[in-house]
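Worksheet: the structure to be examined is printed underneath.
The values are calculated or read from the model by the stated rules, or taken from the named source; none is laboratory data. If you're wondering where the values come from, they're calculated on a predicted model, not measured in any experiment. With ideal geometry, Cβ positions are generated from the backbone for all residues, glycine too; neighbour counts draw on all protein chains shown. SASA here: full protein model, heavy atoms, side chains in, ligands and nucleic acids out. Shrake-Rupley method; radii C 1.70, N 1.55, O 1.52, S 1.80 Å.
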Amino acid sequence: MTKAEMKQAILEGLQACGWSPVDDVSMACTSAVAQKTFVTAVGEKTATARFTDNPAECCRLSGEYESEGSNVLSASSDYLWYHRKPREEVRASDLRELATAFAATADLLIGDSYAMRLIR
């Protein structure tokens, strides 16, 4: 799979979990893949999912969501390690599963952020 095909599979997995694609320029020229807007006590806030691929080691899905000056997703990256499954054997379904796991963790962490807790 090419990196673009991998990003597309990640996007499909995230879209199934309620995330929206980033614009075409961001998709093609940055690590950004998708975003999701959350309604909080302080207004709408957007999370961004990013995909990076290091062909010698792993691919990584990470995110950004600022709350109280910190990225609450900073420690929630999901990895697909190539020493466990060689890159040439990675399928779109593997990447969609990675995206689904990331989205579930992101929803939990964002749901526990201060601005989200205020509206409960």
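Roughly to the nearest percent, how much of the accessible area of the range 36-120 is carbon and sulfur, given a 1.4 Å probe? Of all accessible area on the range 36-120, carbon and sulfur atoms account for 49 percent.
Multiplying the residue separation of Arg91 and Ala56 by 0.36 nm and subtracting their alpha-carbon distance yields 10.9 nm. Each label was represented as a point 7 Å from its Cα along the Cα-to-Cβ direction; for Val25 and Glu68 these points are 3.6 nm apart.
Reducing the range 24-41 and the range 66-120 to their Cα centroids gives an inter-centroid distance of 14 Å. Note the listed values [x] 0.94; [y] 1.01; [z] 0.99, then indicate which one is Rg/Rh (Cα atoms, Kirkwood Rh) calculated from this particular structure. Correct label, based on the coordinates given: [z]. Take the Cα of Arg84, step 7 Å toward its Cβ, do the same at Asp112, and the gap between the two points is 2.1 nm.
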